[in-house]
Amino acid sequence: MFKLFSLSGGISAADGFFADGVAAGLKNGSKYDIAFIYSETLCDVFSCFTNNKFDAAPIKYTKRLIAATKTDIFQSNFILINSKNANALTGKGGLEDVEMLMQTLKEQYPQIKNPTMSSTGVIGVRLPIAKIVASFELFDLYAKEGHKAAQAIMTTDSFCKEIAFEVECKSGTFKIGAMCKGAGMIHPSLATMLCFIATDAAIPAGEGNELLRKALNETFNAISVDGDMSTNDTVLLLSNKKSNVYDKEAFSFALKEVMHKLAIDIAKDGEGANKLVAFEVKNALNKDEAKKAARALSSSLLVKTAIFGEDPNWGRIASTIGASGIECSEESLSIYFNEICVYHKGNILFDEECEKKAAQIMKKKELCITCDLGIGTESFRAYGCDLGYNYVKINADYRS
């Protein structure tokens, strides 16, 4: 048995981890725009990155660190993160910029070992190297300012996304803290935007990536805001083993809880969004088909705009299921808005009274649309949001 207790501190909550955010002038005014995560000791770093073939320079750099180990992990005690600039599609020069920044960090702070970097922001622009290097003078490596770090990595996010737990299990107590950012370009494959997780649990080197990928499938890989996958999607899990405690079941549960909360925060904070929607596909032929259908619903522009208009247009739901390429039938399909059934196995239940009830549900800030395919036993739940005028405005003005 194990128990979870909420903690403050976010990414810096676990023992031996420190974090902070500083203002380097990348954002307007005095907003935090550079963050770091530091561990007193080397960590095993488990990772997952975007499937976008134009992966950003920081990802290329980190993949090179991994390749040098001839394993699927690497060791580091420092992660540098900048917002406002993605350092993607910047060619050889973009990678050289990362190399120079990492070398400068090591020279300025000898306790930093094997650092790496993540970036988020505008694509196709070189990093403002001078501003970033100047920000290093502001670093207090032993700051416990996880909340500032979470603010620094935000771009179009409207709120910080962070969480931390202390976990009691049979073998002792460990802590896990995390932060992420993301509101647009959210349709992940293996990762989503930027997410950093730090734990003092003693995760065995051979199990970290397995646990990370398992948790990804039903958290970050189950959300969509706009159907666009970023060039910079990154999830890093750092383990400094300081607690000397590990329980696979307890850690797996805590990791999924952390990642689920952050994934829901991203979907809830979709650019210009007002509603969080769960899309549950039940009784599909197999798990893959349930996931495929649920993700089709969460990314459909027609479905998203109907949600924005608070229109219980069940025909768009049915059409999206039929177009998803899965095994399905009109005679076995049932569609629900929360508990209200509008279509049941070939019978249209959408009369005036039913429409009125469904319309009331559509006015809620959070709701669930369920599609029971009635042909198997597998299910999957994806999450998305509405798509309205503000999404267009935010992205039309993004570079300004």
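The values are calculated or read from the model by the stated rules, or taken from the named source; none is laboratory data. Being a predicted model, the structure only gives us computed values, none of them experimental. Positions of Cβ are generated from backbone atoms using ideal geometry, with glycine treated the same way; all protein chains shown enter the neighbour counts. With ligands, DNA and RNA removed, areas are computed over all heavy atoms of the protein, side chains included. Shrake-Rupley method; radii C 1.70, N 1.55, O 1.52, S 1.80 Å.
Return a yes/no flag: does the stretch 297-304 have any residue that is farther than 19 Å from D228 by Cβ and open to solvent by 30 Å² or more (accessible area, probe 1.4 Å).
Looking only at the stretch 297-304, we keep the residues that are farther than 19 Å from D228 by Cβ, and these are none.
Scanning the stretch 297-304, I find no residue that is farther than 19 Å from D228 by Cβ and open to solvent by 30 Å² or more (accessible area, probe 1.4 Å), so the answer is no.
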Subset of the stretch 41-54 [open to solvent by 10 Å² or more (accessible area, probe 1.4 Å) and modelled with pLDDT of 95 or more]: T41, L42, D44
Considering residues of the stretch 108-135 that are buried (at least 18 other Cβ atoms within 10 Å of the Cβ) and touching a helix residue (DSSP H, G or I) at 6+ places or on another chain (Cβ under 8 Å) only, the residue farthest from A183 (Cα to Cα): I112
Selection count, the stretch 309-330, where residues are in contact (Cβ under 8 Å) with a residue 24 or more places away in the chain and open to solvent by 70 Å² or more (accessible area, probe 1.4 Å): 2
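Determine whether I266 is within 25 Å of E327 (Cα to Cα), of a type in the set (V, I, T) and in contact with a Ser or Thr (Cβ under 8 Å, 6 or more places away or on another chain). So that I can check it myself, show each step before the final result.
Numbers: within 25 Å of E327 (Cα to Cα): no; of a type in the set (V, I, T): yes; in contact with a Ser or Thr (Cβ under 8 Å, 6 or more places away or on another chain): yes.
Answer is no for this residue.
With under 23 Å from K304 (Cβ atoms) and out of contact with any strand residue (DSSP E or B) (no Cβ under 9 Å at 6 or more places or on another chain) as the only criterion, which of G206, G270, G184 stands out? Can you show your working first?
Details: G206 fails: under 23 Å from K304 (Cβ atoms); G270 fails: out of contact with any strand residue (DSSP E or B) (no Cβ under 9 Å at 6 or more places or on another chain).
When all the criteria are applied, what remains is G184.
On the given criteria, is N87 open to solvent by less than 20 Å² (accessible area, probe 1.4 Å) and either in a strand (DSSP E or B) or among the aromatic types (F, W, Y) (or both)? Before the answer, list the steps.
Numbers: open to solvent by less than 20 Å² (accessible area, probe 1.4 Å): yes; either in a strand (DSSP E or B) or among the aromatic types (F, W, Y) (or both): no.
For N87, the condition - open to solvent by less than 20 Å² (accessible area, probe 1.4 Å) and either in a strand (DSSP E or B) or among the aromatic types (F, W, Y) (or both) - is not met.
Under the condition of being charged (D, E, K, R) and farther than 28 Å from K282 by Cα, which residue from the stretch 361-400 is least open to solvent (accessible area, probe 1.4 Å)? Spell out how you get there, then give the answer.
The first filter runs over the stretch 361-400 and keeps only residues charged (D, E, K, R), leaving 363-366, 372, 378, 381, 386, 393, 397, 399.
Of the ones still in play, those that are also farther than 28 Å from K282 by Cα are 393, 397, 399.
Working: K393: 126, D397: 75, R399: 195 Å².
Filtering the stretch 361-400 for residues that are charged (D, E, K, R) and farther than 28 Å from K282 by Cα, the one least open to solvent (accessible area, probe 1.4 Å) comes out as D397.
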Condition broken by I335, with the remaining ones in (1) crowded, with 18+ Cβ neighbours inside 10 Å; (2) modelled with pLDDT under 95 satisfied: (2)
Selection status of S189, polar (S, T, N, Q), open to solvent by less than 40 Å² (accessible area, probe 1.4 Å) and at pLDDT 95 or above: no
Hits in the stretch 222-269 - residues which are part of a helix (DSSP H, G or I) and open to solvent by less than 10 Å² (accessible area, probe 1.4 Å): A222, A250, F251, A254, L255, V258, M259, L262, A263, I266, A267
Failed criterion for A183 (all others in (1) of a type in the set (A, V, I, L, M); (2) at pLDDT below 95; (3) not in a loop (DSSP other than H, G, I, E, B) hold): (3)
Looking only at the stretch 143-183, and only at residues there that are open to solvent by less than 10 Å² (accessible area, probe 1.4 Å) and among the β-branched types (V, I, T), the one that is farthest from the chain's Cα centre (by Cα): V167
Helices (runs of 4 or more DSSP H) contained in the stretch 303-400 and holding at least 2 residues more than 21 Å from E289 (Cβ to Cβ) and of a type in the set (A, V, I, L, M, F, W, C): 352-362, 389-396
Tally, over the stretch 355-399, of residues that are modelled with pLDDT under 95 and not hydrophobic (A, V, I, L, M, F, W, C): 12
First in the stretch 88-106 and over 16 Å from I59 (Cβ atoms) and of a type in the set (A, V, I, L, M), second anywhere and at pLDDT 95 or above and surrounded by 15 or more Cβ atoms within 10 Å (Cβ to Cβ), Cβ under 8 Å, 6 or more apart: L105/F78; L105/L80; L105/I112; L105/P115; L105/F136
Yes/no for I132 being within 24 Å of T231 (Cα to Cα) and either hydroxyl-bearing (S, T, Y) or under 24 Å from the mean Cα position of the chain (by Cα) (or both): no
